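Data first, discussion second: the structure below is written as structure tokens.
The values are calculated or read from the model by the stated rules, or taken from the named source; none is laboratory data. Bear in mind the structure is a predicted one, so any value in this text is a computation, not a measurement. Please note: Cβ atoms are built from the backbone with ideal geometry, for glycine as well, and neighbour counts cover all protein chains shown. Areas reflect the complete protein model, heavy atoms only, side chains present, ligands, DNA and RNA absent. Shrake-Rupley method; radii C 1.70, N 1.55, O 1.52, S 1.80 Å.
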Amino acid sequence: MSDLTPELDRLGAALERAAARDVAGEATPRRGGDARAGRLMAVAFAALALAGGVAFAATRALVDEDTVAASLPAGTFSLIGTEPTCTVVREGVEYHCTLARPPAPEVEDWTGTVEPTVDATEHVNGGCRALDVAGMEWRCYLGQEAVRQQIIGAGFLGDPSAGPGRG
């Protein structure tokens with residue numbers, strides 16, 4: 001769970017600050033309420049956040065080689081029909097993918113070319129970097145690792161996709 005989305009990270013930080021204020025006695029009761037009701041609401045909110053984190057982790061656990069392979073042509077038009085197969089390098093984070101067919105010939109040297117990946121919900125979930133001239137081998141990264149690898153920008157991760165990108 002160390003690879004949380006920025007929204008979950010901000011939510012966790014806000015919960016920590018609220019809990020610290022409550023423990024220090026800085027919480028102020030709301031109109032008609034008491035401090036106990038505020039604590040109960042904070043606990044309920046924390047449980048909801050935890051449930052969201054568990055759901056996020058469960059979604060990540062569903063990522064396998066086949067879903068990563070499907071996300072590559074879903075993100076880039078010139079990779080449609082290439083039939084990628086992927087193997088795990090670091091489970092849920094990094095994959096090595098090989099194409100059965102070469103990508104569209106619009107690029108002479110694919111080496112180092114970066115392309116986004118798009119998941120089954122049609123959201124950008126990571127990206128890949130071509131490892132060879134022909135564009136037959138790729139290293140793919142999911143989530144924040146794709147941002148760290150400078151394949152996609154942080155603001156692009158999780159964005160909806162209107163279909164495979166062109167150009």
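Quick grid of which residues meet (1) at pLDDT below 95; (2) hydrophobic (A, V, I, L, M, F, W, C); (3) open to solvent by 50 Å² or more (accessible area, probe 1.4 Å):
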| residue | (1), (2), (3) |
| --- | --- |
| Gly53 | yes, no, no |
| Arg60 | yes, no, yes |
| Thr67 | yes, no, yes |
| Glu83 | no, no, yes |
| Cys97 | no, yes, no |
| Val118 | no, yes, no |
| Ala130 | no, yes, no |
| Met136 | no, yes, no |
Note to self: Six or more apart or on different chains, Cβ atoms under 8 Å: show the pairs whose first residue is in segment 143-167 and over 23 Å from Ile80 (Cβ atoms) and whose second is modelled with pLDDT of 95 or more and acidic (Asp, Glu).
What the structure shows: Glu145/Glu94
Next item on the list: Test Val88 against the criterion of being closer than 19 Å to Val63 by Cα, open to solvent by 40 Å² or more (accessible area, probe 1.4 Å) and without any contact (Cβ under 8 Å) to a residue 40 or more places away in the chain, and give yes or no.
Entry: yes
Next item on the list: Go through segment 142-162 and count every residue that is open to solvent by 40 Å² or more (accessible area, probe 1.4 Å) and of a type in the set (Ser, Thr, Tyr).
Entry: 0
Notebook entry, point to check: Would you pick out the residues in segment 112-138 that are touching a residue at least 24 places away in the same chain (Cβ under 8 Å), farther than 17 Å from Ala70 by Cβ and not small (Gly, Ala, Ser)?
Noted result: Val114, Val133, Met136, Glu137
Notebook entry, point to check: Counting just the residues of segment 99-116 that are among the β-branched types (Val, Ile, Thr) and modelled with pLDDT of 95 or more, which one comes out most open to solvent (accessible area, probe 1.4 Å)?
Noted result: Thr111
Margin query: I'm trying to understand the selection: among the residues of segment 69-110, which are aliphatic (A, V, I, L, M), touching an Asp or Glu at 6+ places or on another chain (Cβ under 8 Å) and within 19 Å of Arg148 (Cα to Cα)?
Written below: Leu72, Val88, Val93
